[in-house]
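Q: Submitted below is the structure of interest, expressed as structure tokens.
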Amino acid sequence: MQVTFIADRTLGRLAKWLRILGFDTLYDPEAADSRLHDLCRPGSVMLTRTHRVRLKFRSRNLIFIKSNDPEDQLREVIKALNLSQADVRPFSRCLICNTPIELIEKESVRNAVPDYVWETQNDFRQCPRCRKIYWHGSHTDRSMERIKSLFEGLDKHKVGGSHTEFS
Ligand SMILES: [Zn+2]
């Protein structure tokens, strides 16, 4: 599913999670509400938690987020758009600047990552814009687990199952 999210400034952690899932997510904590207008494109989906922004953008595709918890906020987005695990591309996008990241040669990051990382990892990706380097770390595993449980939880909910939830 090709969608661009525009998150208002109250939704920084949700924006980060959407980027972890690989969604094109515009988020600028400094941006005024009026700037959000400029970012709108056909097909983009506005995310907000404030009634003021909701009123201003009532003619747009908008999801009004109710929860304060980033993981529940993510569930609200997933439910509203009926997203499935097939729609996500985890760890394909820079978390800092939202640019799709690219595979790079291991040799080229020799002096740019800690020694133990270079010695234990083989796959490195880099953001072509801000140059941040990404690799598979323990936080990646934890995030993958959370992503899995996020969608599993929803699927179970759909079929009315009563499996034990792990968190
Ligand atoms: Zn970047």
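Q: Given Cα pairs under 8 Å that are at least 6 residues apart, what percent is the relative contact order of the chain? Before the final figure, lay out each step's value.
A: Numbers: 208 pairs, mean separation 30.1, N = 167.
Computed value for the chain: 18 percent relative contact order.
Q: Related question: Quick one: dipole size for the chain, taken about the Cα centre, charges +1 on Lys/Arg Cβ and -1 on Asp/Glu Cβ, in debye to the nearest 20.
A: It works out to roughly 740 debye.
Q: Round to the nearest 10 and report in Å² the accessible area of L26, as given by a 1.4 Å probe over the protein chains' heavy atoms.
A: Approximately 50 Å² of L26 is accessible to the 1.4 Å probe.
Q: Using only Cα atoms, what is the ratio of the radius of gyration of segment 48-159 to 2.2 N^0.38 Å? Kindly include the intermediate steps, with their values, before the conclusion.
A: Numbers: Rg = 18.1 Å, N = 112, 2.2 N^0.38 = 13.2 Å.
The reported ratio for this selection is 1.37.
Q: Still on this structure, I have one more. Quick query: amide H of D24 versus all other amide H atoms, modeled in the peptide plane; which residues come in under 5 Å with a sequence gap of 5 or more or a different chain?
A: V3, F5
Q: Separate question: Pull up the DSSP beta bridges for the chain and report the antiparallel fraction as a percent, rounded to 5.
A: Here the antiparallel bridges make up roughly 40 percent for the chain.
Q: Could you give the length gained by full extension between V3 and T99, i.e. 0.36 nm per residue of separation minus their alpha carbon distance, to one decimal place?
A: Working: separation 96, 0.36 × 96 = 34.56 nm, distance 1.44 nm.
Length difference between fully extended and current span is 33.1 nm.
Q: What whole-number value in Å² describes the accessible area per residue of the chain for a 1.4 Å probe?
A: 62 Å²
Q: Could you work out the helix-only [θ] at 222 nm for the chain, with each DSSP H run of four or more residues adding -39,500 (n - 2.57) and the total divided by the number of residues, to the nearest 500 deg cm²/dmol? It would help to have the intermediate numbers written out before the result.
A: Details: 6 runs with 62 residues, N = 167.
Helix contribution divided over all residues of the chain: -11000 deg cm²/dmol.
Q: Ok, one more. Quantify, in whole percent, the carbon and sulfur part of the accessible surface of the chain (1.4 Å probe; protein heavy atoms only).
A: 48 percent
Q: Calculate the FRET efficiency for L39 and V113 from the Cβ-Cβ distance with a Förster distance of 30 Å, rounded to the nearest 0.05.
A: Using R0 = 30 Å, I get an efficiency of 0.35.
Q: At 4 °C and 1.567 mPa s, what whole-number value in µm²/s does Stokes-Einstein give for the translational diffusion of segment 4-91, with Rh from the Kirkwood sum over Cα pairs? Walk me through the numbers before you get to the answer.
A: Details: Rh = 13.0 Å.
Using the Kirkwood radius from Cα pairs, D works out to 100 µm²/s.
Q: Next question, about the same structure. Run the simple label-point estimate for E30 and K66 please: 7 Å along Cα→C-beta, distance reported in nm.
A: Taking the simple label geometry, E30 and K66 are separated by 3.6 nm.
Q: Let me ask another. Using each residue's phi in segment 95-109, evaluate 6.51 cos²θ - 1.76 cosθ + 1.60 at θ = phi - 60° and report the 3J(HN,Hα) Karplus result to the nearest Hz, with x for Gly and Pro.
A: For segment 95-109, the Karplus curve yields 6, 7, 10, 6, 7, x, 8, 10, 5, 10, 4, 4, 4, 6, 10 Hz.
The values are calculated or read from the model by the stated rules, or taken from the named source; none is laboratory data. Bear in mind the structure is a predicted one, so any value in this text is a computation, not a measurement. Every residue, glycine among them, receives a Cβ derived from its backbone with ideal geometry; neighbour counts consider all protein chains shown. In case anyone asks, the SASA skips ligands and DNA or RNA and just uses the protein heavy atoms, side chains included. Shrake-Rupley method; radii C 1.70, N 1.55, O 1.52, S 1.80 Å.
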